Structures are given as C-alpha cells and as structure tokens.
Amino acid sequence: MNAQFKKGVIELCVLKALSEKEMSAFEVLHRISNELDVNENTVYPLLRRLEEEGYLFHEKTPSVRGAPRKYFHLTEQGKQHFEQLELAWRTFRARVDQILEGENHE
Amino acid sequence: MNKKTFLSSLKMHLENYQVDHEDIEDILNDYATIIDEALEKGMDEATLIERLGAPKQLAKKLYPKTLKPQGTKGKIIALTPFLATIIFFILGSAYALWHPGWMVYLLIPIVAIVLEGKLKSKDAIMSLAPFVALIGFFMTAHISGVWHPTWAFFLWVPFSTLLISSSKNKWMEALVFAILVALYLTLELLNPSADNLLMLVLLWVPIYTSGGLRIEYNGVRQRKFERDTLILLVVISIGYIVFNQAFDLWVITSLVFLLIPLYLVLRIMQKEKNALQPMVLIPFVAIILFISVGYFFEGWHYSWLFFLLIPVIAILFEGKAPKKRAKGLSFSMGYRKTYQALEEEDV
C-alpha cells in the first residue's frame, strides 16, 4: 500500500480501534500492523504522541509477567478528535470515489 | 537481538536525546511489556524484535526534534556563544563597534541552523531568512546612514516563502510581490510619503494565495485560524501605518507586530489546553524591553542584555513545561511541516 496513504490513516485507525475497546500497546500494534501492513515501529510513537496530546489515557493493570501493563482508552477529547478525523476521511474518500467513478464512465 | 539487548540499545539511543530519565524508563517499560505480551501469545522473540525496528530509528521517531548536538558539529554550536562574546568585546573595545558589533551574536542561531539543518532544504532557507534580512538591514543602514526605507530588507522574509512555496502560481505571486515592493520604493524615492506604505498592505494577497499562511493542526487545515490571522495581519498593518502618519512613532510602535506571533502562540496553547508558561512569553518580553529601553533611554548598548532572560528563564523553569507539548500545529509563512512523530517516509 502506498506509504503516503498509510501515513494519513494510521492515526484514524488507532483511534477507531481504541474507540471500540481498551487495548494494550501490544494489542494495538498487533491489530494495526496486521490489517494495514505497517511497521510496528510506527505505532508505539503514535500512541505516545496521542497520549501526550490528551487524546488517550492509560490505566495500569498488574501483570503476571514483568511490569504492569498499560491499557489505553480514548478521552472525551480523543473521541471528538476521532469523529473529526473520521468525518474528514469519509468526505475525502467520497470525493475520490466520485472522481474515480467519473474516469471509469469515460 | 533478544529482549535484553534490544532494551539496552534503545536506552543508549534515547539517552542521546534531551529526554527526562523518567520518560526513558517509561518507554523501556512499555517495550518490555509489549515483548512480554507477545511472548505470552506465542510469538517468536527474535521475529518480534526485528519487526519492532532498529532501536536507533525508534528513538528518532519518538523524539524527532530533540536530538542533542553531538560530535564536532555539536561542539562548534556549543562554543559559538563564547566566540561571539569574544568577538563582540574585541569589536567594541578595540574599534568602538558595539553597534553593529552586537550582530555577531546572530552567529549563534545561524551556525546552529547551518550545522544541524540541511542547507538545501526549504526549512533551512526559511530559518535563515530573518537573519539574512536583519544583517542586510543593519549593515546597509549603518554604512549608508539611511534607515528608511532600508527596513524593506525585512520583506525578504515573506518573499522567501513565495520562492519555496508549492503553489502552482508561485512565480507569478513572487513577481507580483517584487513589483509591489519595487513600486513602493520608487514612489518613496520620488515622492516620500507615509501614504505609500499602504501599498505594502497588498503584499498579503500573494502571500495568502501562495499558501504561505497555511495553518494545519494534526494534519487538518485550520481555515478559520488562517482567516483570523490574515485579518489580524491586515488590521495591524493598516493601523500601524495610519497611526504613525499622525504621531510619527514608527520605531516604538513596530512592537505591535509582536501581537501576531503572540496570537498564534496563545491559540496553540488554547488548542492544547495548556496553561500559559513563562517560557512562551519571555522572548516577547525580552524584545519589548530591548526596544523600549533602547528607544526611550538610548540604552541600546545595554538593553540587549534583556535577551539573556530567555536562557535564564528556560533554565529556571526547565522540567516544569506542560507534559502536552504544542505538537501537531504547523503554521507560519511557508512552514508546512507538522510536528508529529510520524513525519517519516518508512511508515
């Protein structure tokens, strides 16, 4: 998949995944990297940035193995940000589809 | 590479950045738990660590803007303030060139930009533009004794944004800008009048159409923010010219243009829901004090000391900055880069 396309939608997909349920960093990495074929080294920095910007918060849960695990959730600000990004994406996609369908009809 | 060597390597690379020790430990704990959870789910350690990426690249992605200067380049950058001070005092005490000798301090940011940046990149050109304008203005005015309209050198800053813009009509926009400036200078030479300055307000048109005032936040363009900023720019420009036609206080009232970057900073902090930090305001305070004391008390030769407030306050308030940094907003005349950790090609 084109790298430029991926760059724009990873954040949207991460926010979508977390809007469905709380997830650990590994679970987010695993889901996004499997479905979008992106490098795992991209997702964790993104999670960290989103949390610093107030879109996510985490809760630590004790783990049998190693340090407590962080489980990420969307904040209210994160939900609003996700809705804005999703709207922007759907609008963009609809317009691109319109152009592509127009070329096919020719 | 196994978990232990991966985390050791990551720690080593993170320590090259200006990062709190607590943040480094937090990141290492996070990666440790990621690896542990992957192993619990039956993934192969070596395969996972390979997919996590090289620790050096990870550190760069986590902190793309905070690399400590290293090696020879870093040493030159660190030594530049001392060299500038030595040169300044030699120029002043031996040749009575306190002014424009103070300009050697501009070597500090210039050397940092040249050594840390890529000279051919648009960012380096834009970063150097204010210094080019400042040096051109002061040297020309000092040698010729003509301060007006020599200040027109500062128009190089907005003009350079047109040269590097990606607008389809960039050469037309640059030409319109150059013609307007040339017309103004010609009128001013033939028939000096403060009214001629009103022509320069039109300069905002090619800048706006070229996208030089493009403001993005987290990749989403902020058109309302752009419109508000343009209105503020035009109002301040016209107000400044009209006011000074009556009161002739051009130098001291030029401080009103600081409202523009101050407005941008306050909007960012509002967007980030951060409390106002002293460090953000200190550059503005320093400039106001420098110009006010120099103008009202003719104290230019010591009012430059107010700029020392910037590093002093930064040191005093180090570590007290809000956890949420003002990332995600890109603005300015020509700067299009967003300060996100994902500004990399290998997504």
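The values are calculated or read from the model by the stated rules, or taken from the named source; none is laboratory data. Computed from a predicted structure; not experimentally measured. Ideal geometry is used to build each Cβ from the backbone, glycine not excepted, and the neighbour counts take in all protein chains shown. Surface accessibility is based on the protein's heavy atoms, side chains included, excluding ligands, DNA and RNA. Shrake-Rupley method; radii C 1.70, N 1.55, O 1.52, S 1.80 Å.
When the Cα atoms of region B:1-160 are enclosed in a convex hull and the volume is divided per residue, what value in Å³ results?
147
At 1.4 Å probe size, put A:HIS81, A:HIS73, A:HIS58 in order of accessible surface, largest to smallest.
On the way: A:HIS81 15, A:HIS73 35, A:HIS58 65 Å².
Heavy-atom accessible area, descending, gives A:HIS58, A:HIS73, A:HIS81.
Could you state how much accessible area B:TYR302 has, in square angstrom rounded to the nearest 10, with a 1.4 Å probe and all protein chains kept in place?
100
Over region B:144-202, give the accessible area per residue in Å² for a 1.4 Å probe, as an integer. Walk me through the intermediate numbers first.
Details: 3330 Å² over 59 residues.
Ligands and nucleic acids excluded, the figure is 56 Å² per residue.
Could you check the spin-label model distance between A:SER63 and B:ILE90? Points 7 Å from the Cα along Cα→Cβ, value in nm.
Label at A:SER63, label at B:ILE90, 5.8 nm between them.
Counting only helical runs of four or more DSSP H residues, what would the 222 nm mean residue ellipticity of chain A come to if each run contributes -39,500 (n - 2.57) and the total is spread over all its residues? Mind showing how you got there, number by number?
On the way: 4 runs with 73 residues, N = 106.
For chain A, the value works out to -23500 deg cm²/dmol.
How much FRET efficiency would the formula 1/(1 + (r/R0)^6) give for B:PHE296 and B:LYS4, where r is the Cβ-Cβ distance and R0 is 41 Å, rounded to 0.05? Write out the running numbers ahead of the final one.
Details: r = 64 Å, r/R0 = 1.56.
Here the calculated transfer efficiency is 0.05.
Could you work out how much longer the chain between B:ILE310 and B:ALA182 gets when fully extended? Use 0.36 nm per residue separation minus the Cα distance between them, nm to one decimal.
Values: separation 128, 0.36 × 128 = 46.08 nm, distance 3.72 nm.
Stretched out fully, the B:ILE310 to B:ALA182 stretch lengthens by 42.4 nm.
Amide H to amide H, which residues 5 or more places from A:THR75 or on other chains are under 5 Å from it, using H placed in the peptide plane?
A:LEU56, A:PHE57
What accessible surface, in Å², does a 1.4 Å probe find on B:MET199, ignoring ligands, DNA and RNA and rounding to the nearest 10?
40
Sorted by accessible area (1.4 Å probe), largest first, how do B:ILE86, B:ILE310, B:ILE143 line up?
On the way: B:ILE86 100, B:ILE310 65, B:ILE143 135 Å².
The most accessible residue leads, giving B:ILE143, B:ILE86, B:ILE310.
May I ask for the accessible area buried between chains A and B, both sides summed, probe 1.4 Å, to the nearest 100 Å²? Each step should come with its number before you reach the end.
Working: alone 7630 and 20830 Å², together 25030 Å².
Counting both chains, the buried surface is close to 3400 Å².
Taking all protein chains together and a probe of 1.4 Å, list B:HIS13, B:HIS142, B:HIS301 from the most accessible to the least accessible.
Details: B:HIS13 35, B:HIS142 75, B:HIS301 125 Å².
Result, largest first: B:HIS301, B:HIS142, B:HIS13.
Contour minus end-to-end for B:ILE135 and B:LEU97, with contour as 0.36 nm per residue of separation and end-to-end as the Cα-Cα distance? Write out the running numbers ahead of the final one.
Details: separation 38, 0.36 × 38 = 13.68 nm, distance 1.50 nm.
The B:ILE135-B:LEU97 span can extend by a further 12.2 nm.
Taking accessible area as the heavy-atom solvent-accessible surface of the protein chains with a 1.4 Å probe, which residues of region A:16-51 lose no less than 40 Å² upon going from the isolated chain to the full protein assembly?
The answer is A:PHE26, A:GLU40, A:ASN41, A:THR42, A:TYR44, A:PRO45, A:ARG48, A:ARG49 - residues whose exposure falls by at least 40 Å² when every protein chain is included.
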